[in-house]
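Chemist: What follows is a single structure, and I will ask about it in a moment.
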Amino acid sequence: MVPFTRPKVVQPRTSLRMFTVRRWWERFGTQTLLIGLAIGTAAIVRQTQGAWLMETYQWFSRPFQGDPNQAALQLENAQVLELQQRLIELQNRNQRLEELLGLVQDKKKEALAAPVIGRSADHWWEQLILGRGLKDGVQLNSVVMAPGGVVGRVSQVSDHASRVVLLSNAANQVGVTVSRSRATGYMKGQTGQNAGTQVIMQFFDKVPDVRKGDTVVTSAFSSKFPEGLPVGRIESIDLSKSPAPEAIIQLTAPISSLEWVVVSPPNAINPADTLPTPEPSPTSSFSPSPSPSVQP
């Protein structure tokens with residue numbers, strides 16, 4: 001008997017190749033795709049100069065970005081704000097000049113508008129320098145005013161400049177009167193926190209008829225200024241003050257921010273009411289910078 005032998009099964013070559021490819025793909029397929037994608041992306045970016053990449057980034061980031069016109073809008077708003085501020089400054093200057101012009105027209109023909117050209121930080125509330133002098137018609141002891149009332153008087157003058165002693169000078173004393181009750185006294189400047197905006201009035205009467213808000217004007221008893229020039233308003237009263245009652249006067253003239261003033265001719269000076277220190281003659285010259293030696 002012939003023994004039975006099982007025939008050999010021959011695998012087709014195609015199946016073997018597919019099996020090999022599948023095994024290779026399972027091991028290296030992902031890496032191959034990533035490398036191919038990277039190479040393709042690099043080629044596209046090089047060809048398009050990255051335009052599509054920038055557009056894609058902008059599309060994705062657009063919800064997180066502000067209005068592209070915001071910067072231009074802020075610049076425009078800043079320019080408008082600057083123009084508004086300039087307009088306000090011009091309006092303020094125009095208003096001050098109109099008030100000054102009206103003040104000059106109300107005075108005699110000799111009244112002269114003068115610019116403030118200098119103030120010392122050490123003597124800000126004591127004196128200032130005007131850009132007008134003898135050549136312009138300014139005289140020694142001329143009365144200086146601004147919108148709101150009296151500012152001071154000319155204490156020294158040269159050909160083209162003059163020095164003014166202010167009412168707020170702590171060494172200055174001026175006779176004043178309460179308009180409502182005609183209570184009289186004298187006014188002097190003060191030092192400290194309210195220097196320059198407030199002065200002290202000391203009454204001659206022991207119990208003066210005065211109350212807060214009363215208007216204070218220059219007195220006929222003072223030869224430094226004409227009678228009836230506005231000075232300020234009563235801010236507070238201290239009747240218990242010794243040796244005489246006192247009141248705080250809020251000056252109505254803006255002494256802290258003067259730019260222009262009106263200079264009027266001086267009145268007759270009483271010899272008994274002269275300055276505590278000798279004044280230089282009108283023909284003497286002086287430096288426009290304030291000097292601490294000048295006294296009212």
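Chemist: Among the residues of segment 286-294, is any at pLDDT 50 or above, more than 19 Å from Val138 (Cα to Cα) and among the hydroxyl-bearing types (Ser, Thr, Tyr)?
Modeler: Scanning segment 286-294, I find no residue that is at pLDDT 50 or above, more than 19 Å from Val138 (Cα to Cα) and among the hydroxyl-bearing types (Ser, Thr, Tyr), so the answer is no.
Chemist: Right, next: With the requirement that a residue be of a type in the set (A, V, I, L, M, F, W, C), surrounded by 19 or more Cβ atoms within 10 Å (Cβ to Cβ) and within 24 Å of Ser223 (Cβ to Cβ), what does segment 155-199 give you?
Modeler: Within segment 155-199, Val157, Val164, Val165, Leu166, Leu167, Val174, Val176, Val178, Ala183, Met187, Val199 meet the criteria.
Chemist: Assuming Leu130 fulfils every condition listed in (1) closer than 18 Å to Ala253 by Cβ; (2) open to solvent by 10 Å² or more (accessible area, probe 1.4 Å); (3) of a type in the set (A, V, I, L, M) apart from one, which condition is it?
Modeler: For Leu130, the failing item is (2).
Chemist: Being of a type outside the set (Lys, Arg) and at pLDDT 90 or above narrows it down to one residue among Phe203, Phe221; which is it?
Modeler: Unique residue meeting the criteria: Phe203.
Chemist: Restricting attention to segment 243-261, report how many residues are over 12 Å from Gly152 (Cβ atoms) and not in a loop (DSSP other than H, G, I, E, B).
Modeler: 8
Chemist: Suppose the filter is open to solvent by less than 60 Å² (accessible area, probe 1.4 Å), more than 22 Å from the chain's Cα centre (by Cα) and either modelled with pLDDT under 85 or of a type outside the set (D, E, K, R) (or both); does Gly149 pass it?
Modeler: It is true that Gly149 is open to solvent by less than 60 Å² (accessible area, probe 1.4 Å), more than 22 Å from the chain's Cα centre (by Cα) and either modelled with pLDDT under 85 or of a type outside the set (D, E, K, R) (or both).
Chemist: In the list Ser223, Ser240, which residue meets the criterion of being free of Cβ contacts under 8 Å to residues at least 24 places away in the same chain and in a loop (DSSP other than H, G, I, E, B)?
Modeler: Answer to the selection: Ser240.
The values are calculated or read from the model by the stated rules, or taken from the named source; none is laboratory data. Everything quoted here is computed from the prediction, not taken from an experiment. Neighbour counts run over all protein chains shown; Cβ positions are idealised from the backbone, glycine included. The accessibility values were calculated without ligands, DNA or RNA, using every heavy atom of the protein model including side chains. Shrake-Rupley method; radii C 1.70, N 1.55, O 1.52, S 1.80 Å.
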